[in-house]
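First up is the structure itself, then whatever we jot down about it.
Derivation of every value follows stated rules applied to the coordinates shown; laboratory data play no part. In this text the structure is predicted, and so the values were computed from the model without any measurement. All Cβ positions, even for glycine, are placed from backbone atoms using ideal geometry, and neighbour counts span all protein chains on display.
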Amino acid sequence: MEGLIAFWSESGIANFTGGQLLMMGVGALLLYLAIVKKFEPLLLLPIGFGAILANIPNGGFTDEGGLLYFAYHVGIETGIFPLLIFMGVGAMTDFGALIANPKMLLLGAAAQFGIFATLIGAVALNFVPGFDFSMKDAGAIAIIGGADGPTAIFLASKLAPDLLGAIAVAAYSYMALVPLIQPPIMRLFTTEAERKIKMEQLREVSKKEKIIFPLMVLGLTILFLPAATPLVGMFCLGNLMRESGVVDRLSNTAQNELINIVTIFLGLAVGSKLSADKFLQIETLGILLLGAVAFAIGTATGVLMAKLMCKLSGGKINPLIGAAGVSAVPMAARVVNKVGLESNQHNFLLMHAMGPNVAGVLGSAVAAGVLIAVLG
Amino acid sequence: MESISEQIVESFGIMLLGMSLVFVFLTVLILGVKLVAWKFAPLPVAPTKPVNSGVSVQSQGIDPKMVAVITAAIEQYRAKA
């Protein structure tokens with residue numbers, strides 16, 4: 001009988017708290033979104049499962065010595081996982097479209113306004129009772145507007161580790177929701193005639209240009225913004241491995257096996273931050289709300305900048321491609337292509353949108369560097 | 001603890017600084033890319049013109065030189081006949 005009581009007192013049923021059940025529900029919701037809705041499944045699946053594991057009573061996954069504890073401690077607290085992912089993303093990124101039309105970098109810059117506008121929004125939210133975001137918290141929340149998962153996680157782990165779970169979930173959910181959030185904003189700020197604009201074919205880009213590009217980006221970062229060199233440096237390393245053509249094995253590993261392994265542990269470790277005591281707070285709601293605002297503003301400023309460039313260039317630039325300036329590669333570019341096709345069935349904007357899209361990755365990395373330099 | 005309005009002023013400052021830095025950084029990068037393009041961009045490939053307007057050289061698999069040689073040979077042959 002005593003054995004039975006001991007067994008019962010160790011069982012999950014006897015130890016569940018309401019919060020844990022709710023967070024397991026959140027984990028299950030993320031699994032649902034990943035599996036049924038196919039929203040960013042590569043990340044939401046491990047994150048959702050991590051959330052379930054982290055809320056098991058007496059499971060000990062997140063206690064010192066547990067698997068999730070170590071995954072978080074080794075990979076995220078140190079910033080190593082997001083940086084390895086960034087190297088993989090660099091190895092997967094083709095800057096050809098951007099090098100052929102470098103003006104697109106301006107769109108990637110304009111779309112970062114969402115980040116800095118949200119910084120003010122997060123601080124202003126302190127007027128509402130129940131919210132108390134420090135400047136560091138505000139900076140970490142604002143980076144959601146960069147629509148770049150690894151950058152958001154890297155910055156949050158540096159500035160506001162307590163909010164990391166909510167920020168990562170918000171960043172990845174909104175990236176998954178790009179096809180829903182962006183089109184209405186894009187239509188709001190453009191006219192039908194503008195959406196129909198066809199763009200000139202991009203020129204060829206030589207191998208030398210592609211090799212020099214990552215080195216030049218790195219050089220500029222070293223000169224102007226050393227705080228961004230962890231992100232930009234790893235990104236450029238990945239890209240150089242790809243473009244140099246002499247280390248195909250390393251490049252392949254970075255963009256396949258390595259990034260996949262890291263993604264599993266990154267997802268689990270982020271999920272482990274979805275524990276009831278950290279996540280079930282009013283602040284989480286605020287973060288989700290601010291994230292959506294950040295995203296919407298970034299999209300809008302990108303489109304407006306593209307509109308300006310369209311006017312200045314005499315109607316050669318389709319303003320839709322500005323929306324791709326918020327990173328979210330390649331989803332945002334695909335959305336631009338889709339909205340463009342709705343107005344003109346023969347207008348394929350995908351390659352043109354890839355320019356601002358990869359420029360957005362650089363832009364948000366630079367913005368993250370600024371936030372680290374000023375607030376860190 | 002600084003007041004909220006002070007924080008807002010501070011974040012305004014960060015916004016201005018941040019946006020101008022992002023723009024300056026990427027503008028310098030544009031100049032850099034253009035400079036590299038000016039030096040290393042591939043020359044636009046001149047479209048290969050048919051050597052002789054009277055001969056069709058539609059099939060792309062044939063080397064233009066070869067076409068020229070064959071055309072010359074045919075012309076010589078026709079001149080003889």
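Results, tabulated for the structure shown:
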| read-out | value |
| --- | --- |
| Dipole in debye (nearest 20) - the stretch A:187-295, about Cα centre, beta carbon charges: Lys, Arg +1; Asp, Glu -1 | 220 debye |
| Mean Cβ neighbour count within 10 Å, used as a protection proxy, ranking A:49-62, A:89-102 highest first | A:89-102, A:49-62 |
| Cut-off 19 Å (backbone N to label point 7 Å along Cα→Cβ of A:Leu22), residues of the stretch A:260-277 | A:271-277 |
| Straight-distance crosslink candidates among lysines, where the alpha carbon sits under 29 Å from A:Lys210 and sequence neighbours closer than 8 are dropped | A:Lys103, A:Lys198, A:Lys307, A:Lys316, A:Lys338, B:Lys34, B:Lys39 |
| Under 29 Å from the Cα of A:Lys158 - lysines, other chains or at least 8 residues apart | A:Lys136, A:Lys273, A:Lys278 |
| Full-stretch length increase - A:Leu4, A:Ala373 - with 0.36 nm per residue and alpha-carbon distance subtracted | 127.1 nm |
| Chain A, dipole about Cα centre (Lys/Arg Cβ +1, Asp/Glu Cβ -1), debye to the nearest 20 | 1580 debye |
| Ranked list, fewest to most other Cβ atoms within 10 Å of each Cβ, for A:Asp148, B:Asp63 | B:Asp63, A:Asp148 |
| Mean separation of Cα contacts under 8 Å (6+ apart) over length of chain A, as relative contact order % | 30 percent |
| ³J(HN,Hα), Karplus 6.51/-1.76/1.60, whole Hz, each residue of the stretch A:109-116, x for Gly, Pro | 6, 4, 5, 6, 4, x, 4, 6 |
| Local net charge near A:Asn344, Cβ-Cβ under 9 Å (Lys/Arg +1, Asp/Glu -1) | +2 |
| Ranking of A:Val26, B:Val24, B:Val33 by count of other Cβ atoms within 10 Å, fewest first | B:Val24, A:Val26, B:Val33 |
| Ranked list, fewest to most other Cβ atoms within 10 Å of each Cβ, for A:Ser11, A:Ser173 | A:Ser11, A:Ser173 |
| Karplus-derived HN-Hα couplings along the stretch A:188-205 (A = 6.51, B = -1.76, C = 1.60, θ = phi - 60°), whole Hz, x at Gly and Pro | 4, 9, 10, 8, 4, 4, 5, 5, 8, 4, 9, 10, 5, 5, 6, 6, 6, 10 |
| Among A:Gly286, A:Gly114, A:Gly18: highest mean-square fluctuation, GNM of chain A, C-alpha pairs under 10 Å | A:Gly18 |
| FRET efficiency for B:Tyr77 and B:Leu43, using Cβ-Cβ distance with R0 set to 35 Å, rounded to 0.05 | 0.40 |
| Cα gyration tensor category, rounded, prolate or oblate, for the stretch A:192-253 with a/c compared to 1.5 | oblate |
| Distance between the stretch A:1-71 and the stretch A:352-376 - C-alpha centres, whole angstrom | 34 Å |
| Excluding exposed DSSP-loop GluC sites (Glu not before Pro) (at most 15 other C-beta within 10 Å), longest clean stretch of chain A | A:205-376 |
| Those chymotrypsin sites (Phe, Trp or Tyr not before Pro) in the stretch A:215-322 that DSSP places in a loop and that have at most 14 other beta carbons within 10 Å | none |
